[in-house]
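Enquirer: Please see the structure below; I have some questions.
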Amino acid sequence: MQKINRNVVLALLTATSLVFLLFQLYYYRFYLAQKNGAVFSKGRGSQSGQDSARWHVVRKFLGLISSQNIPVYLIDPLVLGLISKDIEQIRSSSDGSSPECKYFCAPRDFTTFALLDKMWKHEMDLFRTAEKMGFQWLKILNKDPRLEGMDDLSGTEIPLHYIFKLASHAIHLVVFYERSGHYLWHGPLRLKQHMDRKFVPFRKLHFGRYPGAYEKPELLLVSIDDLKVQIPKNPSSFLEEISHSRFLECRYREARAFFQLYPDDASLDAVEFRKKAKSLLHLAAMTLNNLGVKFWLSSGTCLGWYRQCNIIPYSKDVDLGIFIRDYKADIIPAFQKAGLPLKHKFGKVEDSLELSFQGEGDIKLDIFFFYEEHDHIWNGGTQAKSGKKFKYLFPKFTLCWTEFVELKVHVPCETLQYVEANYGPDWRVPVKTWDWKSSPSNVQDNGIWPVDEWDDVIQIY
């Protein structure tokens, strides 16, 4: 009898243990695993552990920033590239659910988000919460370029990038700042000596090799792989911006050194000219931007930006460059509609085209069109009284953004080579007497216009 009772007790204990074990398995499978993002629901299809780990890290990061009320938006080029292919379907889908993890599970080392600086101020709360959730973090600071022109404030550091790492994946949070030209700017990612260079594979980051400038994006809240996230409303346009976003800061230190050697002209005439030139440049930029015509600061206007971070007061005009491939017949009517009458038109689309528009008073806007050859770029010039043609040669260049007189504009990325080509090695020395036919270092004779073409290629108004 005692033996039977012992067997019954053992059987009951075994059965109870089995039931408890089954309950633990059920609890993990249907509650803990889904809560922690370790697996997807049955409808998602199977994913490798590494794929789902990326989704898990993104999900956890979104939970982190949501707990701190921090508005971020997705700017990751790889993920946005996948989203842009399905954007119409994603926009029309009510919940964004899909049978598999298609976007955030894509192979990559980072997922990149953007943060507007003015939208968030409680940094330490974020870091404490991040550590509690298992994240390691890194903060990258650098000088605020908006204050570089102010002697008392230059050197002030601001946060530019944050890295949040969890397991084998990391979140790159890029801080965007609004600049006076009403655009968004992010700074470079430069590690200081004491920082761990093996924290993440920094060379694989999509943002931070150089500063970037962007238009303010309109955002769209969507559901991606069952995660609510804000993205640029037009992902393909944002991706296009990324590839042309490089930004060059004005060289404030060199400008201060220049003005120590050559004190700035603070006369009423100089102040008035700069005011008119700034207004003319803003009007020209608005006109060309509305037409979708890409342009850059050229000649004396480019020199003023590069040498002294300001308009040269004795230049008497505003100079812009446009590649001839971007020429549009609407340019002349658009400027005339903006209140800038055509002063002269020299050359033709096929050869040496240049336009000049009359601004306020005696200031004018000169637009030079540039032609590309296999190893150089050139623009033309025409002497009205003789029909002589001139050619100005430049080394090939690309375009970068900068800020000039509170305006986001393009300049040649290879600015030094551009300026030296036009003004020679002594470009740092002001020259107030300038002959456009002989003074430039890169000018060449280019023949004479045939007399029977003068009516078309030499038009003065």
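The values are calculated or read from the model by the stated rules, or taken from the named source; none is laboratory data. Treat the numbers as computed from the prediction; the structure is a model and nothing was measured. Here the Cβ positions follow ideal geometry from the backbone for every residue, glycine too, while neighbour counts run over all protein chains shown. Areas reflect the complete protein model, heavy atoms only, side chains present, ligands, DNA and RNA absent. Shrake-Rupley method; radii C 1.70, N 1.55, O 1.52, S 1.80 Å.
Enquirer: Any idea which of (1) farther than 14 Å from residue 446 by Cβ; (2) open to solvent by 20 Å² or more (accessible area, probe 1.4 Å) is the one residue 348 doesn't satisfy?
Expert: Just one mismatch for residue 348, condition (1).
Enquirer: Please verify whether residue 429 is touching a Phe, Trp or Tyr at 6+ places or on another chain (Cβ under 9 Å) and exposed (fewer than 13 other Cβ atoms within 10 Å of the Cβ), treating the condition exactly as stated.
Expert: Numbers: touching a Phe, Trp or Tyr at 6+ places or on another chain (Cβ under 9 Å): yes; exposed (fewer than 13 other Cβ atoms within 10 Å of the Cβ): yes.
So residue 429 fits the description; yes.
Enquirer: Could you say whether any residue in segment 82-90 is modelled with pLDDT of 95 or more and open to solvent by less than 20 Å² (accessible area, probe 1.4 Å)?
Expert: yes
Enquirer: Condition first: hydrophobic (A, V, I, L, M, F, W, C) and either touching a Gly at 6+ places or on another chain (Cβ under 8 Å) or within 22 Å of residue 441 (Cα to Cα) (or both). Now tell me which residues in segment 356-390 satisfy that.
Expert: Here is the first cut: in segment 356-390, the residues hydrophobic (A, V, I, L, M, F, W, C) are 357, 363, 365, 367-370, 377-378, 384, 390.
Matches in segment 356-390: 365, 367, 368, 369, 370, 377, 378, 384, 390.
Enquirer: Take the residues of segment 300-326 that are among the small types (Gly, Ala, Ser) and over 24 Å from the mean Cα position of the chain (by Cα): which is modelled with the highest pLDDT?
Expert: So in segment 300-326, the residues among the small types (Gly, Ala, Ser) come out as 300, 304, 315, 321.
Then keep just the ones that are over 24 Å from the mean Cα position of the chain (by Cα); that gives 300, 315.
Details: 300: 97, 315: 90.
This residue is 300.
Enquirer: From the residues in segment 151-177 that are farther than 12 Å from residue 141 by Cβ and of a type in the set (Ser, Thr, Tyr), which one is most open to solvent (accessible area, probe 1.4 Å)?
Expert: Filtering segment 151-177 for residues farther than 12 Å from residue 141 by Cβ gives 151-154, 163-174, 176-177.
Right, trim to of a type in the set (Ser, Thr, Tyr) and you get 154, 168, 177.
Working: 154: 43, 168: 86, 177: 5 Å².
Once the filter is applied, the top-ranked residue is 168.
Enquirer: Then there is this: Taking into account only those residues within segment 178-235 that are surrounded by fewer than 15 Cβ atoms within 10 Å (Cβ to Cβ) and of a type in the set (Asp, Glu), which is farthest from the chain's Cα centre (by Cα)?
Expert: 196
Enquirer: Residues being open to solvent by less than 40 Å² (accessible area, probe 1.4 Å), over 15 Å from residue 279 (Cα atoms) and not hydrophobic (A, V, I, L, M, F, W, C): count how many of those fall in segment 291-314.
Expert: Final tally of qualifying residues: 7.
Enquirer: Also, quick follow-up: Could you list all residues from segment 320-337 that are open to solvent by 10 Å² or more (accessible area, probe 1.4 Å) and either hydroxyl-bearing (Ser, Thr, Tyr) or touching a Leu at 6+ places or on another chain (Cβ under 7 Å) (or both)?
Expert: Matches in segment 320-337: 324, 327, 328, 330, 332, 334, 336.
Enquirer: Let me ask you something else. Can you report the number of residues in segment 179-195 which are among the small types (Gly, Ala, Ser) and closer than 16 Å to residue 163 by Cα?
Expert: 1
Enquirer: So which of 368, 394 is aromatic (Phe, Trp, Tyr), within 30 Å of residue 246 (Cα to Cα), open to solvent by 10 Å² or more (accessible area, probe 1.4 Å) and touching a helix residue (DSSP H, G or I) at 6+ places or on another chain (Cβ under 9 Å)? First the steps, then the outcome.
Expert: Values: 394 fails: open to solvent by 10 Å² or more (accessible area, probe 1.4 Å).
Answer to the selection: 368.
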